[in-house]
Amino acid sequence: MTSPLQSSIRRAAWKSAAWLLALAFVALSGALGYQSFERRGLDKLQTDVRHRLELFSSAVEGMIQRLEDVPATVQLSEEIQRLFHAPRAAAARERADRYLQRLNAFMGGIAIYVLDERGVIVASSGRTQLQALPENDFSFRPYFQEALSGRVGRHFAISLVANRPAYFVSHPIRDGAKVVGVAVIMINLDPINQIWDMLGAPALLADTNGVVILSSDPAWTYTTLQELPIERRVDLQLSRMYNRMPLPRFPLQVQLQVNPETLSIYGSLQRSNRYLGFREVAQIVSGRSINGMDWRVMLFTDVDGARRDAVLAGAVSATGAAFLILLVLFVAQRRRIHRHRRESERLLEQANLSLEHKVGERTAALTLANAQLVKEVAERKQTEATLRATQGELVHAGKMAVLGRMAAGITHELTQPLGGVRTFAGNAMEFAKRQDLESVQQNLEIIARLTERMGTIIHPLRSFARRTDPELSFVDVGQCIENALFLYQTQLAHLGVVVDNRTTGEQLAAWCDAPRLEQVLVNLIGNAIDAMAEAPRKRLLLSAERAPAAEEALAADGRAYGLRIDVEDTGCGLPPDFTSHLFEPFYTTKQKGLGLGLTISRDIVQDFGGALRAWDRDGPGACFSIYLPCAPT
Ligand code: ADP
């Protein structure tokens, strides 16, 4: 197990290593680019240099070769031949001089002259100049000695006459097999100084001794490229090749290599790098021999241009490598983003699927729950309908119970008129026997009145016993109270209850069903009578009034009730635990009680949209309040 710190350190190390690697790659690409372009640049430079050197050599060769054969021509000329047959004849000398003058003027050399076998000038293109020399003897010159030996002599030397660099070519003049003189041409080398520009860089021409004889830089002229041995220096002094020039060493440190096959020369000039300090090639030295001569031409080419190009190429390579790395990083990043996106899409799809699955499950569960709810609602409705039916039954049962209790009172009430009817009927029969029709009629009238009275007694009972569905309308509360009291009339009188009905003469309308309100009132009055059975002071108070605002909140749930009917008694008062059980079905403290009266009464009042409350009175007894709603507007 690795800690988060360790893994973050490891990640940072990997990142640094990757960056270092990338940097190394960029640096390596730069270096390789630099190297390859430097090599290619130098190769191109060398090819270019070789080409220029070839052109330059051809130009120099052309210049020399054009005049090289002149001494051979001279030795064959008639004027020179004659001169050597008669060397002392002035006419022959003059003719020879004129010939050489013409020839030199035509060929454009510095001078053409002829030496006898001692090295003394016998004829020349510029007699006056040559013969004005203090010593008119050129036997010390190597070209004379070569030609005297029967060979063609050629070499560079400083002209003693014109005191300027020249190329000397000599040819033997023969008389039969014997060499009698030497013909010499002194070739002007000045034109070479005018073609340095075609090389486009500092250059020099060195002769067979390694002495710089011509150079684009005058400071290099008459310096030696290699150390000359002392004997050689003495020889050169004697032959006055360089006219007593000191011949110091060439000022630059050049390492040269000569290819023996092509005779090409390679070398370089080194310097220390301006910024980094290491030794580097500053100039390349290329050279070649000039055909037919022992001369070498050498060119000093600056490599800064090629190196600048190589630096540029290195920078381009490094930039390319950096770009490549960035491209790789970009592609990798793109691929990573693409991968992440695909992964997120996959996860999203998965989440969608699982969500759909869950939604499906939840929907199925909800559908099931809904179906159950619908079933339960149907069951509830069924139960409610059953309850309502049961409630109806109960209300009716309650009525019947009250009726049963009232049966005795009613019987008593009917006994008197019934007895009267019987008596008056007997009287009527007697009067009929006596033919006293007037008395018969009087008795029958009394009977009729008595039956009418019995009908009046029975009428409220009939309407009370009838089972009706509630029909809400404006109901005269006073009348309902009257009807209820009427049912207990006999019982109240029998028990000696003082009835104080304060609603008499008042017009109070309530929004309810009259028979049912009467049933409630009958229940409450019946309970009050029961409670006062043993009481010393029996007083039943019935009152009704518009419910004051303070009582509305007290009555129930902040609802507005229009009317309050109070039924008060001076009985035994409510049982101590009445609050929790009073309105429960089958709760009773009476021996023959059913415990349904208050339950039914409360349900009836609630059906009206009202409420039924019970209070303990301040004095002895209880108070029941019926709150009835305001009439709908
Ligand atoms: P029942 O009259 O058959 O007992 P009720 O539901 O009418 O059934 O009454 C339930 C109980 O409430 C009675 O048994 C009695 O204890 C009590 N109660 C009802 N009205 C009064 C009252 N006015 N004074 C005292 N107690 C009462």
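Provide a single number: the residues in segment 30-68 that are aliphatic (A, V, I, L, M) and more than 25 Å from TYR167 (Cα to Cα).
Total meeting the criteria: 5.
Residue check: is TYR266 in a strand (DSSP E or B) and aromatic (Phe, Trp, Tyr)?
Here the answer is yes, as TYR266 does meet what is asked.
Which residue is modelled with the lowest pLDDT, if the candidates are limited to segment 128-148 and must be in a loop (DSSP other than H, G, I, E, B) and buried (at least 18 other Cβ atoms within 10 Å of the Cβ)?
Out of the qualifying residues, it is PHE138.
Would you check which residues across segment 284-299 are in contact with a Leu (Cβ under 6 Å, 6 or more places away or on another chain) and surrounded by 20 or more Cβ atoms within 10 Å (Cβ to Cβ) and list them?
Passing the criteria: SER286, ARG288, TRP295, VAL297, MET298, LEU299.
Mind listing just one residue for me: the one in segment 595-608 that is more than 12 Å from the ligand (Cβ to nearest atom) and in contact (Cβ under 8 Å) with a residue 60 or more places away in the chain and, of those, farthest from ILE626 (Cα to Cα)?
Only one residue fits best here, namely ASP607.
Out of curiosity, is PHE278 hydrophobic (A, V, I, L, M, F, W, C) and exposed (fewer than 10 other Cβ atoms within 10 Å of the Cβ)?
yes
Check ASP48, ASP97, ASP43 and return the single one that is without any contact (Cβ under 8 Å) to a residue 60 or more places away in the chain, assigned to a helix (DSSP H, G or I), under 60 Å from the mean Cα position of the chain (by Cα) and surrounded by 13 or more Cβ atoms within 10 Å (Cβ to Cβ).
ASP48
For segment 614-633, which positions are modelled with pLDDT of 90 or more, within 13 Å of the ligand (Cβ to nearest atom) and part of a strand (DSSP E or B)?
Once the filter is applied, which keeps residues that are modelled with pLDDT of 90 or more, within 13 Å of the ligand (Cβ to nearest atom) and part of a strand (DSSP E or B), segment 614-633 yields ALA614, ALA622, CYS623, PHE624, SER625.
Output the residues belonging to segment 151-175 that are without any contact (Cβ under 8 Å) to a residue 60 or more places away in the chain, farther than 16 Å from VAL74 by Cα and small (Gly, Ala, Ser).
Across segment 151-175, the qualifying residues are SER159, ALA162, ALA166.
If only one of ARG244, ARG274 is assigned to a loop (DSSP other than H, G, I, E, B), among the charged types (D, E, K, R) and under 23 Å from VAL161 (Cβ atoms), which one is it?
From the options ARG244, ARG274, the qualifying one is ARG244.
Can you confirm whether ASN163 is in a loop (DSSP other than H, G, I, E, B) and farther than 30 Å from LEU45 by Cβ?
yes
Got a sec? Which of MET186, MET198 is within 28 Å of GLY62 (Cβ to Cβ) and in a helix (DSSP H, G or I)?
MET198
The values are calculated or read from the model by the stated rules, or taken from the named source; none is laboratory data. Just so we're clear, the structure is a prediction, and the values are computed from it rather than from any experiment. Positions of Cβ are backbone-derived with ideal geometry, glycine not excepted, and every protein chain shown enters the neighbour counts.
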